[in-house]
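A short write-up of the structure that comes next.
The values are calculated or read from the model by the stated rules, or taken from the named source; none is laboratory data. These numbers come from a predicted model, not from an experiment. Neighbour counts run over all protein chains shown; Cβ positions are idealised from the backbone, glycine included. In case anyone asks, the SASA skips ligands and DNA or RNA and just uses the protein heavy atoms, side chains included. Shrake-Rupley method; radii C 1.70, N 1.55, O 1.52, S 1.80 Å.
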Amino acid sequence: MVGVQRAQVLVASNRGPVSYTLGEDGTLGARRGGGGLVSGLSAIGPDADALWVCAALGEGDREASRRTGSRLTPDDTGGQRVRMLDIDPEVFTAAYNGIANSVLWFVHHMLYQTPLEPVFDAEFRARWAAYEAYNAAFADALAEDAAQRAAVLVQDYHLCLVPGMLRRRRPDLRIAHFSHTPWAPVDYFRLLPDDIARQLLRGMLGADRAGFLTQRWAGAFAECAARVLGAGTSAAAGHVGVVPAGATPAAVTYEGRTTRLGVHGLGADADFLRERSRRPDVDERMAALREQIGGRDRRVIVRVDRTELSKNIVRGLHAYEQLLTDHPEWHGQVVHVAFAYPSRQDLAVYREYTEEVRRVSEAINSAFGTEAWTPVILHVKDDFARSLAAYRLADVALVNPIRDGMNLVAKEVPVVSDEGCALVLSREAGAYEDLGEDAIVVNPYDVTGTAAALHEALSLRNGERAERSKRLAAAATALPPTRWFLDQLDALRAGG
């Protein structure tokens, strides 16, 4: 395209590094985000010739995209080159809410109530067509803006079809896809219509590399490719055949192309977290939380989550209720600080779940609370400084998702905790692969078992809790966000 500088490194994701609000007077306000992609792209430096391609998520984003011809002003993006796609709002909503968040997320997190759902009917097919169109818009933009032999890193379940589409448009490119979610086991993945399941896998296998957060998710993807597509899997480069029992395949070969599998277990950013958690606004929120808790002598169980169905907040509350029932000695001695920030409230099932979190919290306080002790302190308004304050106060961190690609809260709390914390961790969280040895591990469906784990965690001696926390923090920070991104880029460029 004449006048457009083609990029050597491109990142594609649904959400970009900046979002916009549109004022009543027509002015646009820009707000920058953070995370591994932002820090990773910044780390490769201004000479790397990088471009981020993302979607406009709301009216403010769409207006910014229109005013700039989709290429955002560097002053708004911190100097990064960003192309924000103004995809038709109806197409975006059908693709994002109708497929990505209501089908693919539910499959990979195994959230369906199968007697009633899913139902793959004509309406689903219409939404799937929107998902295809959404992915095609990204593939077109990437093909247009990529230099010869450029490296393209496609992110997550929103864009599963992009690698295959982009391969057809630009076979010269080096393409990677990274999944931030779990990958469903093959029998659950096969809930999808057969043609859709095959299309998703073929889309992913258009990449030179498919990256995952854990060996478990990479292995599940390889098994799906083998059993749904009849693809070959290999335990070592250059050999396609039977993978030894217990080994994770290194590559998948299908229709003459080989896609190498990579595992990059995203870790916590220790330097940022430790610096940010010592700022005055965090100290202020710590003081406020201490007052709500009722002093320094009470033990504190902390959870920080979005009210996402997979996070299992309601069962966590019931486990705390069971703890108070089974161990009355903890009455007045422990407080559960639960931050449950509303998520995806445009979907009815998420609104209902958020209300259930409130209802159960209130029921626990009604059943066990006294004038001097509130057993559950629930906050539903997102406040990062307050979350960090809770991290610092935590004696126990409760992280019990039904399934989770990683769960960075499990990795962040031990890094920030002032006195060291015990981690009660679901075996279904990706973080279990890195932290399971020093966590108290639970089956997320087992409320009684989780209550027993909370009791064990609260009963740990201070010295043992501090030592566990130190080991957890070391494991949690082994692959910080910048290194996580650069490792993927280096592997793609090297062809490994």
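Candidates Ala457, Pro481, Gly495 compared by Cα position along the dipole of region 455-496: farthest toward the positive end lies Ala457, with charges placed on Cβ.
Taking every protein chain into account, the 1.4 Å probe leaves Arg306 with about 100 Å² of accessible area, to the nearest ten. The magnitude of the dipole of the chain, with charges of +1 and -1 set on the Cβ of Lys/Arg and Asp/Glu and taken from the Cα centre, is near 1160 debye.
Based on the Stokes-Einstein relation at 10 °C and a viscosity of 1.306 mPa s, and on the Kirkwood radius from alpha carbon pairs, region 338-417 is assigned a translational diffusion coefficient of 111 µm²/s. When the residues Ile440, Ile44 are ordered by accessible surface, computed with a 1.4 Å probe over the protein chains alone, the sequence from largest down reads Ile44, Ile440. Report note on the peptides 420-431, 88-99, 374-385: ranked by the mean count of other C-beta atoms within 10 Å, highest first, their order is 420-431, 88-99, 374-385. Contact order for region 130-264, expressed relative to its length and based on alpha carbon pairs under 8 Å spaced 6+ residues apart, stands at 21 percent. Ranked from largest, the principal axis spans of the Cα set of region 254-378 equal 69, 37, 31 Å.
First measure r as the distance between the Cβ atoms of Glu255 and Arg169, then evaluate 1/(1 + (r/R0)^6) with R0 = 22 Å and state the FRET efficiency to the nearest 0.05.
Computed FRET efficiency for Glu255 and Arg169 comes out at 0.80.
Packing order of peptides 22-28, 267-273, 311-317, 408-414, highest average first: 408-414, 311-317, 267-273, 22-28 (average count of other Cβ atoms within 10 Å over each peptide's residues). Per-residue surface analysis assigns Tyr432 an accessible area of about 100 Å², computed on protein heavy atoms at 1.4 Å probe radius. Binning all Cα-Cα separations of region 113-221 at 5 Å, short to long from zero, yields these whole-percent fractions: 2, 12, 20, 22, 19, 13, 7, 3, 1, 0. Shape annotation for region 154-203: C-alpha extents along the principal axes are 35, 23, 14 Å, from largest to smallest. Surface analysis of the chain yields an accessible area of 41 Å² per residue, using protein heavy atoms and a 1.4 Å probe.
Equivalent-ellipsoid semi-axes for the chain (Cα gyration tensor, √(5λ), whole Å, largest first): 39, 26, 23. Normalised radius of gyration (Cα atoms, divided by 2.2 N^0.38 Å) for region 443-496: 1.82.
Peptides 218-224, 481-487 ranked from most to least packed give 218-224, 481-487, packing being the mean of other C-beta atoms within 10 angstrom over each peptide's residues.
The alpha-carbon of Lys411 sits under 19 angstrom from the alpha-carbons of these lysines, leaving out residues fewer than 8 places away in its chain: Lys311, Lys470. Computed over the Cα atoms of region 76-122, the ratio of the radius of gyration to the Kirkwood radius (Rg/Rh) comes to 1.20.
Please grab the % of Cα pairs in region 125-167 that end up more than 13 Å from each other. Tail of the P(r) past 13 Å holds 52 percent of the pairs. Alpha-carbon geometry of region 36-110: the Rg and the Dmax are 15.0, 43 Å, given in that order.
222 nm [θ] for the chain, helices only, -39500 (n - 2.57) per DSSP H run of 4+, per residue, to 500? Helix contribution divided over all residues of the chain: -12500 deg cm²/dmol. Accessible surface for Tyr20 stands near 20 Å², nearest 10, in the context of the full protein assembly shown (1.4 Å probe).
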